[in-house]
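All of the numbers you see were taken from the coordinates with simple rules; none came from a lab. None of the values given here were measured: they were computed from a predicted structure. Cβ coordinates were reconstructed from backbone atoms using ideal geometry, including for glycine residues, and neighbour counts include every protein chain displayed.
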Amino acid sequence: MPSLGCTSCGAPVAIVNRFSKVVVCGYCGTHLRITDSGLDISGKYPKLAEYPSIFSVGSSGTILGKPFRALGRMRYACKGAHYDEWFLEYDGGTAWFAEDDGTYAIYFEMLEAADLPDPEKIKAGQNMIVGGKKVMIKEKGIAEIESGEGELYYYQEPGTRVTFLDGISEGKKVSIEMTDDEVEIFTGRPLLRRDIEIAGEGP
Ligand SMILES: [Zn+2]
């Protein structure tokens, strides 16, 4: 894809992945929607501060022996703590990588969008059917999107409240994120730090 200019400040913005929907200008922090004709300003938000993460935008290496590149992340705030979700190019496809206080997980696969019960009625400890699979819900919570950087596929504006459900199905981790207008369902697995090898940094 060609390099484009930030609609707000004019800085060059390179887009690596054809699935990316939003890119955050690395210079001014403006969130830019990627359209057929170029970049539209989605919003101006404070630039994501230098929060520690094992990745930065452009980090590459291997996860479970397969190649990845970190394209971008969204940072969530929940009960005074934070976690990050990185959008990855992974082994010829895409994946999400969750980093939460030194614990890691990778999510590869999105289940078919399913009719979920009203999130208000879902409780930790219950079983529910998601995408034809029985999922045991382990945790439910509400997080708020704080900011983002780099290229993103699943994107929500900072300030959006997200109800999340963490569960388990057939030995796999299941992550469900719900906003007023979207439901995203992922399955994945936990990682140990030694499953992740970082070989290169930045663009
Ligand atoms: Zn800019």
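So, counting K/R as plus one and D/E as minus one, what does the shell of residues with Cβ under 12 Å around GLY65 add up to? Working shown, then result.
Working: positive: LYS66, ARG194; negative: ASP91, ASP195, GLU197.
Computed value for this residue: -1.
State which stretch of the chain is the longest one without any exposed trypsin sites (Lys or Arg not before Pro), exposure meaning a DSSP loop state and at most 12 other Cβ atoms within 10 Å. Don't skip to the answer; put the middle values down first.
Values: sites that count: ARG18, LYS79, LYS123.
Formally, the longest exposed-site-free interval is 124-203.
Looking at the chain, which Cys residues are left with no other cysteine's beta carbon under 4.7 Å from theirs?
CYS78
Separation between the ASP40 and PHE19 pseudo-spin-labels, each 7 Å from Cα along Cα→Cβ, expressed in nm?
It works out to 2.3 nm between the two label points.
If the cut-off is a Cα-Cα distance under 12 Å, which aspartates and glutamates reach LYS47, setting aside same-chain residues fewer than 8 apart in sequence?
Once the sequence-local aspartates and glutamates are set aside, what remains near LYS47 is GLU146, GLU149.
Please list, in order, the residues from the range 118-157 whose amide nitrogen is less than 19 Å from a point placed 7 Å along the Cα→Cβ vector of THR179.
Only 119-120, 141-157 pass the distance filter.
Cβ under 15 Å from GLY125's Cβ, GLY125 left aside: what net charge do those residues give with Lys, Arg +1 and Asp, Glu -1?
+3
Sticking with the crude label model, points 7 Å out along Cα→Cβ, report the distance from ARG194 to GLU120 in nm, one decimal please.
According to this spin-label approximation, the distance is 4.9 nm.
Just give me a number: lysine pairs in the range 84-203, eight or more positions apart or cross-chain, with C-alpha atoms less than 18 Å apart.
Counting lysine pairs in the range 84-203 gives 16.
Counting C-alpha atoms alone, how compact is the chain: give Rg to one decimal and Dmax as a whole number, in angstrom.
Just the Cα atoms of the chain yield Rg and Dmax of 16.9, 50 Å.
Around GLY188, under 9 Å between beta carbons, what's the net of Lys plus Arg minus Asp minus Glu among the other residues?
Local net charge: +2.
Given points 7 Å out from each Cα along the Cα-Cβ axis, report the ASN127 to LYS79 separation in nanometres with one decimal.
2.6 nm
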